[in-house]
Structure formats: structure tokens, C-alpha cells
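Right, one structure below, let's go through it.
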Amino acid sequence: MFRNSPFRTRLVVVCATAALVWCVVSGIAATRGPDRDTIASGQLLFEHRWQPHDPLAGKGDGLGPVFNANSCVECHFQGGVGGAGSNKHNVLAFEVHPTSRSVSVQGGVVHAASVFPDLLESRSNVSLLYPVEENGLRVTTGCSTRFRDFDPVRYTSVNTPSLFGAGQIDNISGGAVLRNMRLRRLGMISDEFNLNFHSTPIGRPRILPDGRIGKFGWKNQFATVEEFVAAACAVEVGLSNPLRRQDQPQQHVEDADADYDLNADQFDALVAFVGDLSRPQQIVPLNAAAATEVRRGEALFLSVGCADCHTPNLGGVEGIYSDLLLHVVESGSTKDGLYTTTEPVVPLPEDYPRPAEWKTPPLWGVADTAPYFHDGASPTLEVAILRHAVQAGHVTKKYKELKPSDRKDLIAFLRSLRAPQTESTQLAAR
């Protein structure tokens, strides 16, 4: 009986308005992300010192059985909770290259500790799992070829990365990474038209099997902060979670039968805390002379070519100083000698990172993340700069040619890129 009546019209308007308000409120709530209580719970889990059969582990077995640390903060502490780690906390990672026995690339870590002594891992047990392949290495000299035995396992000491600003990196789309790469390519073409053939080679993205762009991990092996946290919990602390279960001791594979140590709510809280970690800041000294040095150093950072790879802004995130691409920084030559090359009989997949390729690490917070490089083998910023010998070799050359005072200013700029600061530490820094 309300057909075409004013009451019906008002009712429709009220319902439509209510629906619109509900959608807007729901959208705002989704945009806001996790609440503060969830993030606080995640911080408690991040700082918790896990024990075997820990009460927080539910049906899981708690710490381990193999692990590298008993808490997240044990390794992520420099500059505050969530920062980088010292070389004391480096992890011995390994990668197994393809052979005729198995064409897939495998990897893992040799855990530094175990709940029981007989579960402790070593390089020897890795070698037993992945033995040397006879005649698996092709050696070509001129027109002759011979074959040698091939050890498919490659070890690397890996330093703990900082997690500050991880949530903002998570929000950088894969498309933004690719667009920045294409802009660099256009810039190189322009340089070559102007007879400048000394541009820094462009890195390449890590395209994961499902087509997403990797952004986390030294090899860009994770697309999201959630995946990174899941792997770190399972592999480094031995905490099975909804995305990744702990490793089987001495087998270096996921234990599919392990019960969760972190339930869905705990895992989500931990991811929320890591994603909420503050972004690093640039702290420019209040002293006028020191501030001038920093600004001059920033201009030099751009002019010598450091920003070719350490892109200041990416995907709407300012001050990140990374292109999130893979680059060959140090010499990783496969040459045995003059006109001699070696390569495995079964090569790495084309889209898989080469041993010498590493992600450009974000430089925000770099003043508080020593030591430097993926292996932590560079104790100072200048030593790290001088290690750029391959794709950025011409940048290193330009740096060496700077006057000592200019080099000092460039380092002063890098030292202004600090971990997230409290009011008291800002005052102390100035």
C-alpha cells in the first residue's frame, strides 16, 4: 500500500543512506588495519623468549627443535626492537643448485642450536642429503670441454636485516617496482643518445612462481611481510604457524605433521606488530655547519650515482633508498682462468637469482644497521661503498675520486638516515 507514496520514498532514501554509511565506516575500519591491542600482543610475542613446550605454544612443541634464536628480538634489536642484528647473529644459509638427480633449486639454513644435542645440524649432514655429483660441472677452455665433479651446495653467512618500515614496503606494489625499473631504462636510453655509456646497469625483479614481485629477504624470496614473518618464525625460532611449519631436524624440509606453535590470532598479531614498526627517519643536525655537510653529502650521493639503485622514493614511499631489485654488486665470476669458463651441467633457472645477485637494501636507518651487506662483512659505511665493484663499479670509482672532504660529507648524509627516533634520542643525536 506504500507504492509511490512519500513514506516509501523516504524509506528507500533512509535505507540507501544507512547502507552507504555502513560501507564507508567498514572501509575506514579496513583501512585502519589492526587495532592497538592486537599490535601490542604482537610485540609481546616478538619479544617473548620461547622455551621447549612453552605455554604460549598451544598444541605445538614450543622452541625448536632446531633454531637460531629463542626470540625475534634476540636478532632484531639494533636501533630498537625490530632493528638489524650484529654478526654474532648471522645465519648460515645454503642453496642447493640443480643436478641431474634433482632439477629444482632447494635451500635452507644450518641451524646453530637444537633442543637436544643429537639433533644439532652441520655442513656434513647437508652434504649427506645433497652429495657431490660426478661429472656435473662443465669446464670449457677454447674448443675443448671436460667435466669435473660438482658440489651443488653453496653456503652464505647472512646478516639480520632491519624490519623498520616493513609495513610501508609491504604497501609498495609490484607494479611500482616495475615502473621504476622502466623509468631507469628510459633514462639509460637517453644517456646513450647523449653519448654517456657509463650508466649503472638496471637490476632485475625477483618474479616468484605465482607471478608476484618479491620484496623481502636478501634474495627477494618473499612478496609480503606476512610471508617473511611466517618463514622467520618457522625457520629461525622453530615456531610452526598457519603459513609455514617448522623444519625437521637434519632434514632441512618442512615438518608437515608439526602442530601450530602460533595459532591464527597469534600469528596475525605478530605480523601486525612487524607491519606497524615505524619507518626510519632522516635526522639533520641542528648545528648549521653539520647540517650543511649533510645536505652537500646528499647532493653528492645523487651526483656520483648511488641513487641509481638506492632510489630515494619508490611507490609513494619517501626516503626508502632502494629499487627493491636484484643486482650483482661484488665479483661473482665463473672464470677459472684465461678463456676458461665453468658452468653446471644443469643450469639455474633463468628467472632465479644468481649467487652474486642480492637485493638493494633500503638505506633508511642505515646509520643504525652496521655491519653492512648481506653477509655483514663490511664494518663501516665506507667499506660497504668500496665493495660495489661490479654493476656499480663506476660509482665506486667516482666516490674514490672525490676529495676527502666530499667523501666525509657523503658519509655524513648516510649517517643522518637513522632508525626510528624517540624524542630523547633525537635530542641526543643533535
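So here's what we get for this one:
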read-out	value
Asn180 vs. criteria in contact with a strand residue (DSSP E or B) (Cβ under 8 Å, 6 or more places away or on another chain) and either under 23 Å from Arg279 (Cβ atoms) or not in a strand (DSSP E or B) (or both)	yes
Residue match in the stretch 55-72 (condition: in contact (Cβ under 8 Å) with a residue 40 or more places away in the chain, touching a Lys or Arg at 6+ places or on another chain (Cβ under 8 Å) and closer than 30 Å to Arg279 by Cα)	yes
Any hit, the stretch 236-252, residues being surrounded by 21 or more Cβ atoms within 10 Å (Cβ to Cβ), under 30 Å from His53 (Cβ atoms) and within 19 Å of the chain's Cα centre (by Cα)	yes
Where a residue in the stretch 252-269 is in the same structural domain as Leu45 (by TED's automatic domain parsing) and its partner, wherever it lies, is of a type outside the set (S, T, N, Q) and surrounded by fewer than 11 Cβ atoms within 10 Å (Cβ to Cβ), with Cβ under 7 Å and at least six apart	Asp259/Lys59; Tyr260/Lys59
Extreme residue, surrounded by the most Cβ atoms within 10 Å (Cβ to Cβ), among residues of the stretch 369-386 that are among the polar types (S, T, N, Q) and within 18 Å of the chain's Cα centre (by Cα)	Thr369
Residues located in the stretch 32-57, provided they are hydrophobic (A, V, I, L, M, F, W, C) and assigned to a helix (DSSP H, G or I)	Ile39, Ala40, Leu44, Leu45, Phe46, Leu56, Ala57
Failed item, numbered, when Gly136 is tested on (1) under 30 Å from Leu363 (Cα atoms); (2) surrounded by 14 or more Cβ atoms within 10 Å (Cβ to Cβ); (3) of a type outside the set (Phe, Trp, Tyr)	(1)
Selection status of Leu314, closer than 25 Å to Glu401 by Cβ and assigned by TED's automatic domain parsing to the domain that holds Ala412	no
Breaking point among (1) without any contact (Cβ under 8 Å) to a residue 12 or more places away in the chain; (2) not assigned by TED's automatic domain parsing to the domain that holds Lys398, for Ala299	(2)
Residue in the stretch 182-190 that is modelled with pLDDT under 95, in contact with a Ser or Thr (Cβ under 8 Å, 6 or more places away or on another chain) and either surrounded by fewer than 19 Cβ atoms within 10 Å (Cβ to Cβ) or not hydroxyl-bearing (Ser, Thr, Tyr) (or both) present	yes
The lone exception for Gly316 - which of (1) surrounded by fewer than 17 Cβ atoms within 10 Å (Cβ to Cβ); (2) on the phi < 0 side of the Ramachandran plot; (3) of a type outside the set (A, V, I, L, M, F, W, C) it fails	(2)
From the options His76, His97, His53, residue that is crowded, with 18+ Cβ neighbours inside 10 Å, farther than 16 Å from Asn241 by Cβ, in the same structural domain as Asp257 (by TED's automatic domain parsing) and more than 21 Å from the chain's Cα centre (by Cα)	His97
Failed condition for Glu226, given (1) surrounded by 12 or more Cβ atoms within 10 Å (Cβ to Cβ); (2) assigned to a loop (DSSP other than H, G, I, E, B)	(2)
Residues located in the stretch 347-368, provided they are among the hydrophobic types (A, V, I, L, M, F, W, C) and surrounded by fewer than 17 Cβ atoms within 10 Å (Cβ to Cβ)	Leu348, Ala356
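Each row is one residue, and each column tells you yes or no for (1) assigned to a loop (DSSP other than H, G, I, E, B); (2) touching a Ser or Thr at 6+ places or on another chain (Cβ under 7 Å).
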residue: Ser71; (1), (2): yes, no
residue: Cys75; (1), (2): yes, yes
residue: Val109; (1), (2): no, no
residue: Gly136; (1), (2): no, yes
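The rows are residues; the columns are (1) at pLDDT 95 or above; (2) in contact with a helix residue (DSSP H, G or I) (Cβ under 7 Å, 6 or more places away or on another chain).
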residue	(1), (2)
Pro55	yes, no
Gly64	yes, no
Val73	yes, yes
Pro98	yes, no
Gly107	no, no
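The values are calculated or read from the model by the stated rules, or taken from the named source; none is laboratory data. Note that the coordinates shown come from a computational prediction; the quantities given were computed from them, not determined experimentally. All Cβ positions, even for glycine, are placed from backbone atoms using ideal geometry, and neighbour counts span all protein chains on display.
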